[in-house]
Amino acid sequence: MSLLSWNCRGLGNPQTVNALKKAIRIEKPDLVFLMETKSDKEWMTSVRDRCGFKESFVVPSLGASGGLA
């Protein structure tokens with residue numbers, strides 16, 4: 001099993017999502033853990049779908065801080 005853990009500091013920027021997709025394509029992890037997403041559940045579901053994953057668990061951010069996926 002391989003794991004990609006990333007402190008992404010906000011996924012609202014399309015360039016950040018593209019960098020995540022590239023890292024996933026190169027590393028081919030079984031599990032991706034994202035910290036400091038600063039995003040809500042709906043956005044993280046969209047990111048999950050764009051990255052080609054089927055399942056997710058999201059802890060939304062509180063205001064402008066936190067967030068796990």
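The values are calculated or read from the model by the stated rules, or taken from the named source; none is laboratory data. Note that the structure is a prediction, hence the values are computed from the model and not measured. Cβ: placed from backbone, ideal geometry, glycine included. Neighbour counts: every protein chain shown. Keep in mind that these areas ignore ligands, DNA and RNA; they rest on the heavy atoms of the full protein, side chains included. Shrake-Rupley method; radii C 1.70, N 1.55, O 1.52, S 1.80 Å.
Being without any contact (Cβ under 8 Å) to a residue 24 or more places away in the chain and among the basic types (Lys, Arg) is a property that ARG48 has. Note on the range 1-35: residues that are out of contact with any strand residue (DSSP E or B) (no Cβ under 6 Å at 6 or more places or on another chain), farther than 12 Å from ALA69 by Cβ, outside any helix (DSSP H, G or I) and among the hydrophobic types (A, V, I, L, M, F, W, C) amount to 1.
Inside the range 24-39, residues that are under 11 Å from the mean Cα position of the chain (by Cα) and at negative phi make up a count of 8.
Considering only residues in the range 36-69 that are part of a helix (DSSP H, G or I) and open to solvent by less than 30 Å² (accessible area, probe 1.4 Å), the one that is nearest to PRO14 (Cα to Cα) turns out to be VAL47.
Restricting attention to the range 1-35, the residues that are surrounded by fewer than 14 Cβ atoms within 10 Å (Cβ to Cβ) and either touching a residue at least 40 places away in the same chain (Cβ under 8 Å) or touching a Lys or Arg at 6+ places or on another chain (Cβ under 8 Å) (or both) add up to 4.
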